[in-house]
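*Asks:* Pasting a structure here, questions to come.
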Amino acid sequence: MNWLQDFTNRFLRTYMEPFSVKDVEQVLASAGIHLRQEELADYLNSCPSVFALENNRYLTYAAAFDGFLFSIKPTKQEVDKGVFIVGHRCIPFVDSDMLPHQLKFIHNGRKLRTTEETFDSDFVIEHYSLFGEEYAVQYIAEDPANRELDLMERDFLLPQKVKLTCVSLKPFIKENAFKYGDRLLCRIVNWDEGKIGLIALPDRRKSLFEAEPKRERWYRSLENALLRSFKRFGPCTSINEQLSKVFYEYKTDLCDLDCGSIEEFLQRNDKVAFESFGVETRLWKKGEEIPAVGAWNYDAATFENGTGVDANLIVIPDFVLDNFIVDSFVNNVCSLEDLPKYIIPGCINLGEEENKELQEQIKNRSVMLKKSYNRFADFNIAPVRHRALCLYKKIWALMCEIDSLKKDLRVLPQAELVLLSQLFSHSMRMLQSLLPMSDISEEIESIDMSLEGMEFNFEDVSVLLEAELAKQQRSDYIVI
């Protein structure tokens, strides 16, 4: 499966034309891999680097952002130092899996070299905020210039001064008589390789206070596009995804020589801002709480008809199942035959055939896992895995209970619903990292701390949601 994923990723990172599921099926078939079109469609619809087009067509981000123009306006401090901080300034036009220091900037056919510079941590964080306030510090710590920085030792707080790998502008400044107020006009040259072309865009104004009508029009276009996006898509899975949708859909208005930057837009705009979304951050209407349910995900028919538990909540990914199986090796929570009852929340009733299939799947995977499982190597990880699974079960059970309420979910506390959904996603990611044979011995302390925070958050959120659930369920009873 890893080979298949690598192969598919290579296709999705380099293919430059619209394509269909059938096209991917044929490409895979030529390599001797045969998958059902339904499976491929599910994969493509959930892939973070693919746009779904009309008529069951798709487009890779590599194609969508090829040649896209955007601008960076270095601060006075950066120009004085002869560098610019990459940070979040290339979002959403580049591969989100590439770290800022991995991007390559080209001018006149030459790659600009990088250099390390020191800045105040507050100044640096400003240039990483589009990654989300909750992730900015981690991105900064991933920079090679901070290889000696131990975040755990510092309780995940940055020192007053931090180093960063920056792009050197010294030759560029000399060649282009570049000064503070000028812009770097960027163009995506190769999305897959993270290559970005760079030219100087001089500031032609007579003073820094003179208006720029064309750029002002660009900022208004971005504001309108974002507000429409919030209404249509709601808060996407990340700020990057939200901006990707906006810039692709409104490419005609936003891919322009007179473009501003997202950074400057947020500094000056009074309608769009960073807002809290559970334990994360999103762009949203300034000063407004982001709801869990809105026009983008509200299906009145589902609530009115009371279809019960969403089928998606019954699916158990292989990596989750593997964690439960290995946990049973260590903790003897139950026999393998009884594992389905242990795993599945009480509000889900598996049919006889489904239960039989799950038991067969557990049996087959346990045989495979026993061959490679090393109890000694798993000694420090096993207790954390067990707690993570217990939390996962609690979150899953509460989500199923909410899903079977058969009422408009807007009657429930929205902030708590958001947080519960995020805890479910985070617990899934954590279990993926806790898989047997994962080399995480050095990270287990950090994972343990994250898990402790998640357990604490779940206790808070579950009390409020369970109380409201009980209230809603009581309102269904009619006293005669």
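A short reminder: the numbers here are calculations on the coordinates, not readings from a lab. Since the model is a prediction, treat every value here as computed from it, not as a measurement. Quick reminder, even Gly has a Cβ in these numbers, built from the backbone with ideal geometry, and neighbours come from all protein chains shown.
*Asks:* With the dipole of the range 1-110 worked out from charges on the C-beta (+1 for Lys and Arg, -1 for Asp and Glu) around the Cα centre, which of 109, 98, 70 lies farthest toward the positive end?
*Replies:* 109
*Asks:* Say the dipole of the chain comes from +1 at the beta carbon of Lys and Arg and -1 at that of Asp and Glu; which of 350, 61, 335 then lies farthest toward its positive end?
*Replies:* Ranked along the dipole, the leading option is 61.
*Asks:* Suppose the Debye formula is applied to equal point scatterers at every Cα of the range 414-480; what is log10 I(q)/I(0) at q = 0.12 Å⁻¹?
*Replies:* -0.46
*Asks:* Would you calculate a helix-derived [θ] at 222 nm for the chain, using -39,500 (n - 2.57) for each DSSP H run of n ≥ 4 and dividing by the full residue count, to the nearest 500? Don't skip to the end; give the middle numbers.
*Replies:* Working: 19 runs with 228 residues, N = 480.
After summing the helix terms and dividing by the residues of the chain, the value is -14500 deg cm²/dmol.
*Asks:* Given H placed 1.01 Å from N in the peptide plane, which residues other than close sequence neighbours of residue 183 have an amide H under 5 Å from its amide H?
*Replies:* Distant-sequence amide H within range of residue 183: 201, 203.
*Asks:* What distance in nm separates the two pseudo spin-label positions at residue 157 and residue 227, each 7 Å out from Cα along the beta-carbon direction?
*Replies:* Going from the residue 157 label point to the residue 227 one covers 4.0 nm.
*Asks:* Still on this structure, I have one more. Over the Cα atoms of the range 20-176, what is the Rg over Rh ratio if Rh follows Kirkwood?
*Replies:* Rounded to two decimals, Rg over Rh is 1.09.
*Asks:* What is the sum of charges, Lys and Arg at +1 and Asp and Glu at -1, for the other residues whose Cβ falls under 9 Å from the Cβ of residue 286?
*Replies:* Numbers: positive: 271, 285; negative: 270, 275, 288.
Neighbour charge sum, excluding residue 286 itself: -1.
*Asks:* If I take all pairs of Cα atoms in the range 301-440, what percentage of them are more than 22 Å from each other? Could you put the intermediate results ahead of the total?
*Replies:* Details: 4145 of 9730 pairs.
Looking at the range 301-440, the distances longer than 22 Å represent 43 percent of pairs.
*Asks:* Ok, one more. So how do 461-471, 210-220 stack up, highest first, on mean other-Cβ count within 10 Å?
*Replies:* Order by mean packing, descending: 461-471, 210-220.
*Asks:* Just need the relative contact order of the range 33-149 here, percent rounded to a whole number, with Cα pairs under 8 Å and 6+ apart. Spell out each step's value before the answer.
*Replies:* Numbers: 60 pairs, mean separation 20.1, N = 117.
It comes to 17 percent, rounded to a whole number.
*Asks:* For the chain, divide the Cα radius of gyration by the Kirkwood radius and give the resulting Rg/Rh value with two decimals.
*Replies:* Numbers: Rg = 25.1 Å, Rh = 25.4 Å.
Using only Cα positions, Rg/Rh for the chain is 0.99.
*Asks:* Something else about it: Looking at the square roots a ≥ b ≥ c of the eigenvalues of the Cα gyration tensor of the range 16-86, which shape do they give, rounded for a/c under 1.5, prolate if a/b is larger than b/c, or oblate?
*Replies:* Working: a/c = 3.74, a/b = 3.11, b/c = 1.20.
Judged from the Cα gyration tensor, the range 16-86 comes out prolate (a/c at least 1.5, a/b above b/c).
*Asks:* A further question follows. Kindly express, to the nearest 10 degrees and within the range 0 to 90, the angle between helix 381-403's C-alpha long axis and the longest C-alpha principal axis of the chain.
*Replies:* So the inclination is approximately 80 degrees.
*Asks:* Just to be sure I understand: of the beta bridges DSSP finds with both ends in the chain, what percent are antiparallel, rounded to 5? Please list the in-between numbers first.
*Replies:* Values: 33 of 37 bridges.
Once the DSSP bridges in the chain are tallied, antiparallel ones form about 90 percent.
*Asks:* Next up: I need the peptides 394-407, 437-450 ranked by packing, meaning the mean over residues of other C-beta atoms within 10 angstrom, with the highest value on top. Could you put the intermediate results ahead of the total?
*Replies:* Numbers: 394-407: 18.8, 437-450: 13.1.
Ranking the peptides 394-407, 437-450 by packing returns 394-407, 437-450.
*Asks:* To the nearest 20 Debye, how big is the dipole of the chain about its Cα centre, given +1 on the beta carbon of each Lys and Arg and -1 on that of each Asp and Glu?
*Replies:* 1800
*Asks:* Tell me whether the range 116-246 comes out rounded, prolate or oblate; compute the Cα gyration tensor, take square roots of the eigenvalues as a ≥ b ≥ c, and use a/c under 1.5 as the rounded threshold.
*Replies:* Values: a/c = 1.84, a/b = 1.15, b/c = 1.59.
Oblate.
*Asks:* Now, a different point. Provide Rg over Rh for the range 213-277; use the alpha carbon set for both Rg and the Kirkwood Rh (inverse mean inverse pair distance). Present the calculation step by step, with values, prior to reporting the outcome.
*Replies:* On the way: Rg = 11.4 Å, Rh = 12.1 Å.
Using only Cα positions, Rg/Rh for the range 213-277 is 0.94.
*Asks:* Hey, what angle do you get for helix 37-46 against the long axis of the chain, alpha-carbon based, 0 to 90 degrees rounded to 10?
*Replies:* Around 60 degrees separate the two axes.
*Asks:* Extent of the range 151-198 along each principal axis, from alpha carbon coordinates, in Å, largest to smallest?
*Replies:* Rounded to whole Å, the extents work out to 43, 30, 17 Å.
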